[in-house]
Amino acid sequence: MIELKHISKIYEGANRVEALKDISLTIEQGQIYGIIGQSGAGKSTLIRCINMLEVPTSGNVIIDGTDLTTLNEKQLREERKYIGMIFQHFNLLSSRTVYDNVAFPLELQGMSKAEIKERILPILDIVKLSDRLDNYPSQLSGGQKQRVGIARALASNPKVLLCDEATSALDPQTTKSILELLKDINQKLNLTIVLITHEMQVIREICDRVAVIEGGVILEEGTVVDVFTNPQEATTKDFISAVVSDNLPPEALEHLELHDEWIEGTAPLVRLKFTGQATDEPVVAGLVKRFDLDVSILFGGVDYIQNTSVGRLILILNGDRTKAQEGLHYLNELNIGSEVIGYVRANH
Ligand SMILES: Nc1ncnc2c1ncn2[C@@H]1O[C@H](COP(=O)(O)OP(=O)(O)OP(=O)(O)O)[C@@H](O)[C@H]1O
Ligand SMILES: [Mg+2]
């Protein structure tokens, strides 16, 4: 659906900035694709290249088979109708009502009043603004303003919706409701959504795939579940740790003496990570029953990412050393990520 091939963007000027460096990615029809990165990473530049608001210095932007970089202004205007965009600060016209804001792009396209009405009333219904048609933006909450932004973007029947930090100006509750709305229209209208954000929470909430961008380069890319459970890059781990903590809370370590080596009188401290089905495995019972270990649970939690459960558990395997070794072997054999963090003084 969207294919970016070797996109580079250099801003010339007093300070020459290489904002994007050879970015290639593919976004499938119907996907919600997240791009996450810190401030200045190049997110806005990248998303603006998708509708050619920013012309790439080199590379190709192919949408539904059409290479936008080869089109003239008129052809580009035509193609842009199929690419809606919403913004962090909504960009509504303050002198126009809700209805007239949503009607605006269609008026520009020369559509008749009757056609416009027929087109936008159902959209205003989807975004739940049917009772607000005559309000002005100043009379709306942030969440309602973004709903107007979404309705305006949907008015041209786009195939793609680009969201530039669409929830960054909203409180967490409103953010949730806007993300739910995006998910809803993604499913109802089979709309492909590209969403940029600096919040992993947003990615986790609705995205199918995610790309992590830093310094104009894509660091890693994959399904949200894979990236969340097996991040490769330090930057990705930082983003994830903001929403999923898989480190031992410091309080839990306070009463323990942690060693790097398995010295006499210590027991292994293991971190388990399991996704999906594996969560149903009676792992702890297995360790207790099969190896006669005295298992202490230090920390545990289950998160749900895209309906997949992602569990974390930190255990101490107290007991006979040989049995504890067998226990570790058993954990390795199971389809779960297990990692020995260190060895702690046993509690008996
Ligand atoms: N019009 C411009 N002219 C010159 N440099 C620019 C321009 N727009 C962006 N840049 C530079 O390009 C780099 C990437 O900027 P961009 O706005 O894409 O980052 P971002 O990831 O969207 O950041 P934020 O999260 O703060 O919105 C930055 O170094 C920025 O200063
Ligand atoms: Mg930006």
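The values are calculated or read from the model by the stated rules, or taken from the named source; none is laboratory data. Everything numeric in this text was worked out from a predicted model, so none of it was measured. Positions of Cβ are backbone-derived with ideal geometry, glycine not excepted, and every protein chain shown enters the neighbour counts. Surface accessibility is based on the protein's heavy atoms, side chains included, excluding ligands, DNA and RNA. Shrake-Rupley method; radii C 1.70, N 1.55, O 1.52, S 1.80 Å.
Applying the set (1) more than 14 Å from ligand 2 (Cβ to nearest atom); (2) over 18 Å from residue 165 (Cα atoms); (3) not acidic (Asp, Glu) to residue 31 leaves exactly one unmet item: (2). Only residues that are surrounded by fewer than 18 Cβ atoms within 10 Å (Cβ to Cβ) and over 30 Å from residue 205 (Cα atoms) were counted across region 303-317, and they come to 0.
Against the conditions (1) within 16 Å of ligand 2 (Cβ to nearest atom); (2) out of contact with any Asp or Glu (no Cβ under 6 Å at 6 or more places or on another chain); (3) under 24 Å from residue 152 (Cα atoms); (4) of a type in the set (Ser, Thr, Tyr), residue 82 satisfies every one except (1).
Just so you know, in region 19-29 the residues that are over 18 Å from residue 57 (Cβ atoms) and over 15 Å from the mean Cα position of the chain (by Cα) include one that is nearest to ligand 1 (Cβ to nearest atom), and it is 26. Do we have residue 180 as open to solvent by 10 Å² or more (accessible area, probe 1.4 Å), over 13 Å from the mean Cα position of the chain (by Cα) and either away from ligand 2 (no atom under 16 Å from the Cβ) or assigned by TED's automatic domain parsing to the domain that holds residue 227 (or both) here? So residue 180 passes the test.
Being open to solvent by 30 Å² or more (accessible area, probe 1.4 Å), more than 9 Å from ligand 1 (Cβ to nearest atom) and over 18 Å from the mean Cα position of the chain (by Cα): is that true of residue 51 here? In short, no. Residue check: is residue 93 in a loop (DSSP other than H, G, I, E, B), away from ligand 2 (no atom under 16 Å from the Cβ) and on the phi < 0 side of the Ramachandran plot? Judged against the criteria, residue 93 is a match.
Entry remark, region 151-177: residues being open to solvent by 40 Å² or more (accessible area, probe 1.4 Å), more than 16 Å from ligand 2 (Cβ to nearest atom) and in a loop (DSSP other than H, G, I, E, B) number 3 in total. Screening 108, 121, 133, 93 for residues that are more than 25 Å from the chain's Cα centre (by Cα), assigned by TED's automatic domain parsing to the domain that holds residue 189 and open to solvent by less than 60 Å² (accessible area, probe 1.4 Å) leaves exactly one candidate, 133.
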